[in-house]
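Below is one structure, written out as structure tokens; the observations come after it.
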Amino acid sequence: MVVIVMASAAFINAAMYISYASIPFVTSDGWYFIDAFLQKHYHGGVTLQDLYIKRSADDHAQPIQKLLLLWNAESFDLDFVIESYMGLAIAAAAWVLMLHAARCDNHDRDRGAWWILPMTASAASFVSLSGGMVFNWSLVTLGYLGPLALIGMAMASWHAVRHGRWLTLWLVAAAVAFTLDSAALICAISIALALLILEAKQRGAGWRRTAAVVAVVAVSVVAYGLTSRFYLHPHLADAAAGPSALSALRGLGAERLQQMVLSIAALSISDRPALQFYVPAKAELLHRAAGLAVVAAHAWFWWRAWRDAWNRTQFIAVTLMLFCYGAVAGIVIGRVSMFGPDYVFQQRYLMLYQLGTVAVTLMAAGADWSAWRWPQRTLVGLGLLALVAIQWPLSKVTWADAVYVQNYGNNLGREMILLGKDPTVRLASCAPTLVICQADRDEQVRSISLLRDHQLNAFSTRMLERYSMESLDAEAGPVELVDAPAP
């Protein structure tokens, strides 16, 4: 199939980048999971509550990620490149579901092959190498679980409304609610709002089934909420609330918030470093222009959403766009209110921003282009071609930085190995993502000893050989330690 061949280039490019630049060593939040979760696995076993453990009320319970962590430790010696590949596989599964919907809808309509271009653009945007962190930090790559869950729930909801198939909806809704924690709430709200918009377009013609679907989704989310409140996280239920996030956002002023929104829109198609690489003098201007173009594309999206009689592809597009808005709102309220508007430029959020662009391509894939006038067909076609065409220069910039990411990962692994030789020493330098260096001494010794004793991660000979990193396991040099190892 032509569209699969064309889209495969995007996924192959991402897979090649993972193989070269993804960091196999424990970083950042991974150290929390080592101490709070993996310790229990190797010293007595884990319980159901351990799968849902989280640090605070506003943290995310990640049972699927923790199960993958166990599988990774037992099968691959805790190699986090494997998790990045798993995240990419999850992204591929989500895109295949989108492709299936678009293919079936267009086959039923029998309106030519216009949909191939937007579906190719959807793949290019979905796994874009606009920023490398999406694929070199495995915890971010596993974030594709959210879109996969949303698409699965959207398809189950559509079949329940259209064909009365309820069992699949119950199973999918429950699975999403009990595995995605707060992301499941965004999924549920997105599905409910999309169904309400659809019902408004249909003037209430199918309100009974719509109400039933919304009820099923709501019951699943509430059931998880009660389970979390009274069983999984009873000690977190009464966590103290921080200062008002909305007040903090209002304090930024309308102009800064407007600039932030425009930046988020631009980031959905291109990170700033790419523009700074090619046109350093005009980078800011072009980034704003890109933001305005994305805002126009979103306006077109909602215009089409109101005018068209939706098929399954367009229903998924609307739910995906609403999910994108919900995720961005969470970032703004939860992070920007604390760290300021520049926080939206964190590369780990690019994948969430890009979901809006993917939604636009899906709306085009589900639409009947033959009913459009030529100016709309021309503009949409050129926009989609441009979206595909820019992936090469964006990817080129990310690949240019890959060698530095790889070197950073190697240095991180070296520092871990030095700690393993004697966890009580202090390193002369410590990578910011090697947060175990800032942990208290007991936790540092406990976590490093666990990895070393079970030959995991940097202390696995198999893993070091897998990436030709055996040279990292050399004796400490005179400038690498502040305190000499104990005799």
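Rule-based calculations on the coordinates, nothing more; no lab input. Here the structure is a predicted model, which means the values were calculated and not measured. For neighbour counting, all protein chains shown are included, and Cβ atoms are generated from backbone atoms with ideal geometry for every residue, glycine included.
Tabulated results
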{"quantity": "Built amide H within the under 5 Å cut-off of L481, gap 5+", "calculated": "A428"}
{"quantity": "Ranked list, fewest to most other Cβ atoms within 10 Å of each Cβ, for D105, D308", "calculated": "D308, D105"}
{"quantity": "Cα lying deepest toward the dipole's positive end in the chain, options L385, V134, Q406, charges on Cβ", "calculated": "L385"}
{"quantity": "Estimated distance in nm for a label pair at I333 and W302, the labels positioned 7 Å out from Cα along Cα-to-Cβ", "calculated": "1.8"}
{"quantity": "Label zone at Y20, where the point sits 7 Å out along the Cα-to-Cβ direction: segment 125-139 residues whose backbone N lies under 20 Å", "calculated": "125-138"}
{"quantity": "Solitary cysteines of the chain, where the nearest other Cys Cβ is not under 4.7 Å", "calculated": "C104, C187, C324"}
{"quantity": "Helix-only [θ]222 nm of the chain, DSSP H runs n ≥ 4, -39500 (n - 2.57) each, per residue, nearest 500", "calculated": "-21500 deg cm²/dmol"}
{"quantity": "Karplus-derived HN-Hα couplings along segment 133-140 (A = 6.51, B = -1.76, C = 1.60, θ = phi - 60°), whole Hz, x at Gly and Pro", "calculated": "4, 4, 10, 9, 10, 4, 4, 6"}
{"quantity": "Answer label, with P(r) over Cα pairs in 20 Å bins from 0, in percent calculated from the coordinates and candidates [x] 22, 44, 25, 9, 0; [y] 22, 58, 20, 1; [z] 22, 54, 23, 2, 0", "calculated": "[z]"}
{"quantity": "Label-point separation in nm, A248 to R348, each point 7 Å along Cα→Cβ", "calculated": "1.6"}
{"quantity": "Reachable lysines, given that their alpha-carbon falls under 29 Å from the alpha-carbon of K396 and they are not under 8 places away in the same chain", "calculated": "K282"}
{"quantity": "Full-extension gain in nm, A223 to S56, via 0.36 nm per residue minus C-alpha separation", "calculated": "58.1 nm"}
{"quantity": "Unit Cα scatterers, Debye sum, segment 404-472: log10 I(q)/I(0) for q = 0.19 Å⁻¹", "calculated": "-0.73"}
{"quantity": "In order through segment 467-475: 3J(HN,Hα) via Karplus (6.51 cos²θ - 1.76 cosθ + 1.60), integer Hz, x for Gly, Pro", "calculated": "10, 6, 10, 4, 5, 5, 8, 9, 5"}
{"quantity": "Rough spin-label spacing in nm, given labels placed 7 Å along Cα→Cβ, for H454 and L185", "calculated": "3.2"}
{"quantity": "Least to most buried among V405, V96 (fewest other Cβ within 10 Å first)", "calculated": "V96, V405"}
{"quantity": "Sorted by Cβ neighbour density within 10 Å, fewest at the top, the residues C187, C324", "calculated": "C324, C187"}
{"quantity": "Sites V295 and E475 - FRET efficiency at Förster radius 41 Å, r taken between beta-carbons, to 0.05", "calculated": "0.10"}
